Amino acid sequence: MPAMTWRLFSTVVVSWALIGPALHAQTRNPYEDNPDAILAGMGGYRVRCADCHGTDGRGVRGPDITTVWSTGRSDEGLFNTIRRGVPNTEMPAFAAPRASDRDIWQMLAYLKTLAAPAPTDPPRGNAENGAKLFRTLCAACHKANGTGGRLGPDLSRIGTGRSRDVLLARIRRGSEDFRAGFEPVTVTTADGATVQGVKKNEDLFSVQIMDNRERIQGYEKDKAKAVENGKKSAMPVFGPDRLSDSDLDDLLKYLQTLRGFDPTVKQQ
Amino acid sequence: MMRIFPVLAVCFLLAGVTIAQQAPPALVSIQEVAQGLPADGSRWLTFGGNYSNHRHSPLTQITPANVSRLKPLWTFQTATLGNFETTSLVRDNVLYVTGPQNVAWAIDARTGRQIWRYRRELPQGLTACCGLVNRGFGVLGDRLFMTTLDAHLIALDIKTGSVVWDATLEDYKTGHSSTIAPLVVKDKVIVGAAGGEYGIRAFIDAYDAQTGKRAWRFYTIPGPGEPGNNTWAGESWKTGGASVWVTGAYDPEQNLLMYGIGNPGPDYHSESRKGDNLYSNAIVALDADTGKLKWHYQFTPHDVHDWDATEVPILADLPINGETRKVVMFANRNGFYYTLDRTTGKIIVAKPFVITTWAKEIGADGRPVLIPGHTPDEKGEVTCPDLTGGTNFWQPSFDPSTRTFFVNAREVCMTFISWKPTYTPGERFTGGSGQRVKPSESPAWGALRAIDPATAALKWEFKFLSPSTSGILTTASGLLFSGDSDGNLLALDSRSGKLLWRYQMGAPLHGTSPTTYIIDGRQHLLVPAGTTLTAWAIE
């Protein structure tokens, strides 16, 4: 090999060695298309993620993550989201050493096999009208961007945390898997009064409740006549009689605009 | 003569003083250790109270009639991150307590005030799988023995807390650690290695209490050429885990140690280690002088659900079918309760004590009769009990007067999921995990259960909203002390299971039980919960 070429070659090798690892992390999942890794990733995904994102990745208590690539997220970006979580949301961090780099890459390799085209949410809906509907139908129980009731969960970031399908099902059909801290409960006190609300905490001897008038209060079970867990959510079901299909489209459009609330910004 | 006499006298005086300084009697004799809990309540010197692990006190001052008059005397706070899982020792009105992160204390049992504190400098990035905990001291002479998270065994001076010797079990960088309370038998200190989730090859070790030199080692996975090595396909024995992290029992009559052994690794991946995988998920009976195996019984051959047999074995002599049998009682993580003959390791009784869906029964040959479809894969399969098991390392108790075995049981099912893992030294090596079954489909609950060890029949149960992870103490006055998962300290009538008294501690008793002893003529109850230790007595 002539000297010149050799020098050139070795320079390339050296610079490749220097930038190689960084580049590697930035570009591609090293386990993509590796069948063993994909299987391992499926197992890891089911254990760690499926409760929230669903076995099919379409989202339950978390967003649809089959569309992350088609909406422009990079492997590295996704890796970092999983490693660090999304602070102040339900999306937890998967920290080392419990989750190794390999674990995360393998789960992403599996997720990639579920990758779907960009969301096909119908373009229908008028968010402005949705916001109005929210104020009349929902705000008694839900806060959004700093205003509203407290019986139900704060929905200020529900647009990033739930898919449209999940929101639609929740509003139209209700759910038996109550969000923790919002399970329906009724206490009948010693004098026969009933207190209805959602359960904040419970042990063998007491229960802590936010009642329908947003009073937070503890009750001792041995001093109450009855403490009953409800079967139906404290949130009413909104059938087509209460909410037309086109109003539902508007409401969903509005909910999807809810992508986080910064309390340091002054409200009007 | 006149001149010599005073000189001699001075010599004698000096010699006398020297002798007095050299030999104050050692605080704890081996006879005291072996005796278990004395009727005068003056000491608690081993993990289970006695070598048989009864965790049953002869004390009767606190009774079902007056237990509601218990009042707190003091509370001690660790000021250290992490929770108590310890069984405190007591001798001569002083408590010897190990805490999380290998911090330990001598505490005045009258007032809760610290006498000394020991803290081990631990390396960064420890890999202990399940919390930086410790389960208690062993003691002999003027020495306390403690295992460490970086897999050492140390001896501390009981008067000062300074280190007397420090023995290395194994390199912590390969995933070894130790959390077990040492058991002192004759002149030896018995300990074990944890790290079953990291592909270690675990062992039980005996160290000379005097010098800290290793006397023997029993590998819980047989090496090449040893019987049982062929129960591991290929090289899988090298990374098979089978850790030891819960103190066993000792039978002086047979000079036998009986220890429960942890899960095989990788925990969930069947293909990675075909065979029975001895002595994982077994109880082993070892000669206390040599560490030689006398017998073993494997509860769960080829376990794929992480069902360590690291529960506390309890020894007793029981009348069964008109005969007095020398037994070891064992409520296993796999959902079955066992009474074994402790001279042979053969089954006398074996029945489920919680809902179990993986095995129909334990066959006449001692092997579980498997129900197909319970080997986890990437898609997952639902099995009961879950990976935490029907019970776990939290201590059961045994009342010899009523011959009742008490255990905190769990009713939880899980979707087990598994995939092929790759072994990297010092990294987790489990090949799977579990996913909770939705509460709306299968709620998780628990109960404290009183079991007749002659038949495995349930005598009574006390139900919890969610499973308790508390140990259990019983007393000769008919009391049972335990806790629930919500921080309630509970006193039950041990004959009926009726709730007599409760107190909200603010944190659950986890993997530990109250203990009891007498200070200045008054029976005390000591309760470790979260980061606190609280002493109680009747007003």
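Structure notes:
- Fraction of accessible area attributable to carbon and sulfur, region B:16-165 (%, probe 1.4 Å): 51 percent
- Treating each Cα of region A:115-268 as one equal point scatterer and applying the Debye formula with no solvent, the log10 of I(q)/I(0) at q = 0.08 Å⁻¹ comes out as -0.29.
- Shape call, region B:376-491: gyration tensor on alpha carbons, a/c limit 1.5: prolate
- Relative contact order (percent, whole number), region B:117-237, Cα cutoff 8 Å, 6+ residue spacing: 18 percent
- Heavy-atom SASA rank of A:S244, B:S477 (probe 1.4 Å, accessible area, largest first): A:S244, B:S477
- Going by accessible surface with a 1.4 Å probe and the largest first, A:T89, A:T189, B:T383 read A:T89, A:T189, B:T383.
- On a per residue basis, region A:35-114 carries 45 Å² of accessible surface, using protein heavy atoms and a 1.4 Å probe.
- A cut-off of 5 Å between modelled amide H atoms, ignoring neighbours fewer than 5 places along the same chain, links B:S42 with B:I518.
- What chain B shows is 37 Å² of accessible area per residue, with the surface traced by a 1.4 Å probe over protein heavy atoms.
- Accessible area per residue for region A:183-229 is 57 Å², calculated with a 1.4 Å probe on protein heavy atoms, without ligands, DNA or RNA.
- Percent antiparallel among DSSP beta bridges (both partners in the protein assembly as shown, rounded to 5): 95 percent
- Seen from all directions on average, region B:84-234 presents a Cα convex hull projection of 9.7 nm².
- Loop-located GluC sites (Glu not before Pro) in region A:211-268 (DSSP state other than H, G, I, E, B) with a sparse environment of at most 16 neighbouring Cβ atoms within 10 Å: A:E214.
- Simple spin-label estimate for A:T89 and B:A507 in nanometres, 7 Å along Cα-Cβ: 3.3 nm
- Distant-in-sequence amide contacts of B:W216, defined by a placed amide H-H separation under 5 Å and a gap of 5 or more residues or a different chain, comprise B:A206.
- Take the accessible area of chain B alone and of chain A alone, subtract that of the pair, and you get about 2000 Å² summed over both chains, using a 1.4 Å probe.
- Whether chain A is rounded, prolate or oblate, judged on the alpha carbon gyration tensor where a/c under 1.5 counts as rounded: prolate
- Residues of region B:374-399 that bury at least 20 Å² of accessible area once all protein chains are present, compared with their chain alone (1.4 Å probe, heavy atoms only, ligands and nucleic acids left out), are B:E378, B:K379.
- Each 10 Å bin from zero up to the one holding the largest Cα-Cα distance in region B:217-361 carries the following percent of pairs: 12, 42, 34, 11, 1.
- Computed over protein heavy atoms with a 1.4 angstrom probe, the accessible surface ordering of B:S418, B:S440, A:S175, largest first, is B:S440, A:S175, B:S418.
- DSSP bridge pairs, chain B: antiparallel proportion in percent, nearest 5: 95 percent
- Remark: relative contact order (chain B) = 14 percent; criterion is Cα-Cα distance under 8 angstrom and separation of 6 or more residues.
- Between the C-alpha center of region A:33-80 and that of region A:178-224 there is a gap of 38 Å.
- Given a 1.4 Å probe and the protein chains as shown, B:R117 ends up with an accessible area of around 110 Å².
- By the helix-only formula, in which each DSSP H run with n ≥ 4 contributes -39500 (n - 2.57) and the sum is divided by residues, the protein assembly as shown has a 222 nm mean residue ellipticity of -4500 deg cm²/dmol.
- Cβ-based net charge around B:N229, under 12 Å, with every Lys or Arg adding one and every Asp or Glu removing one: -1
- Across all Cα atoms of region A:76-200, the radius of gyration (one decimal) and Dmax (whole number) stand at 19.5, 61 Å.
- Interface residues of region A:51-65, defined as those losing at least 30 Å² of solvent-accessible heavy-atom surface relative to the isolated chain (probe radius 1.4 Å), are listed as A:D51.
- Amide H to amide H distances under 5 Å link A:S156 with A:N145, where only residues 5 or more positions off or on other chains count and H is placed in the peptide plane.
- For region A:165-267, the carbon plus sulfur part of the accessible surface works out to 49%, probe radius 1.4 Å.
- With 10 Å bins from 0: P(r) over region B:220-285, alpha-carbon pairs, percent: 23, 46, 24, 7, 0
- Distance between the modelled labels on B:S68 and B:D341, one decimal in nanometres: 4.9 nm (7 Å Cα→Cβ projection).
- Taking Lys and Arg as +1 and Asp and Glu as -1, the other residues whose beta-carbon sits under 12 Å from that of B:E253 total 0.
- Region B:334-370 and region B:170-210 have their alpha-carbon centroids 28 Å apart.
- Counting every pair of alpha carbons in the protein assembly as shown, the share spaced more than 50 Å apart comes to 26 percent.
- Pairs of Cα atoms farther than 47 Å apart, chain B, %: 10 percent
- Helix axis angle, B:4-22 relative to chain B longest principal axis, alpha carbon, degrees: 20 degrees
- Cα shape, region A:183-229, gyration tensor, a/c 1.5 rule: oblate
- In region B:410-442, the residues whose accessible area drops by at least 50 square angstrom when the other protein chains are added to the isolated chain are B:W419, B:R428, B:Q435; the probe is 1.4 Å and only protein heavy atoms count.
- Residue-wise HN-Hα couplings along region B:334-346, as the Karplus relation 6.51 cos²θ - 1.76 cosθ + 1.60 with θ = phi - 60° gives them from phi, are 6, x, 9, 9, 10, 10, 10, 6, 8, 8, 10, x, 8 Hz; Gly and Pro carry x.
- Summed side-chain charge close to B:W358 - residues other than B:W358 whose Cβ falls under 14 Å, Lys, Arg +1, Asp, Glu -1: -2
- The C-alpha atoms of region B:493-539 occupy a region whose extents along the principal axes are 31, 29, 19 Å, arranged from largest to smallest.
- When the GluC sites (Glu not before Pro) in region B:406-486 are filtered for DSSP coil states and for at most 11 other beta-carbon atoms within 10 Å of their beta-carbon, the remaining sites are B:E441.
- Building the convex hull from the alpha-carbon atoms of region A:35-114 and averaging its projection over directions returns 4.9 nm².
- For A:D203, the accessible area of its heavy atoms, probed at 1.4 Å with every protein chain present, is near 20 square angstrom.
- Here the accessible area of region A:35-114 is 54 percent carbon and sulfur, with a 1.4 angstrom probe and all protein chains present.
- For the cross-link pairs B:K186/B:K459; A:K221/B:K459; A:K112/B:K360; A:K221/B:K71, the ones whose C-alpha atoms lie over 30 Å apart are B:K186/B:K459; A:K112/B:K360.
- Overall, region B:130-237 carries a charge dipole of about 240 debye about its Cα centre when +1 sits on the Cβ of Lys and Arg and -1 on the Cβ of Asp and Glu, all other atoms neutral.
- Relative contact order for chain A: 19 percent, from Cα pairs under 8 Å spaced at least 6 residues apart, divided by residue count.
The values are calculated or read from the model by the stated rules, or taken from the named source; none is laboratory data. Note that the coordinates shown come from a computational prediction; the quantities given were computed from them, not determined experimentally. Neighbour counts are summed over all protein chains in view; Cβ atoms, including those assigned to glycine, are modelled from backbone coordinates with ideal geometry. Side chains included, ligands, DNA and RNA excluded: accessible areas come from the protein's heavy atoms. Shrake-Rupley method; radii C 1.70, N 1.55, O 1.52, S 1.80 Å.
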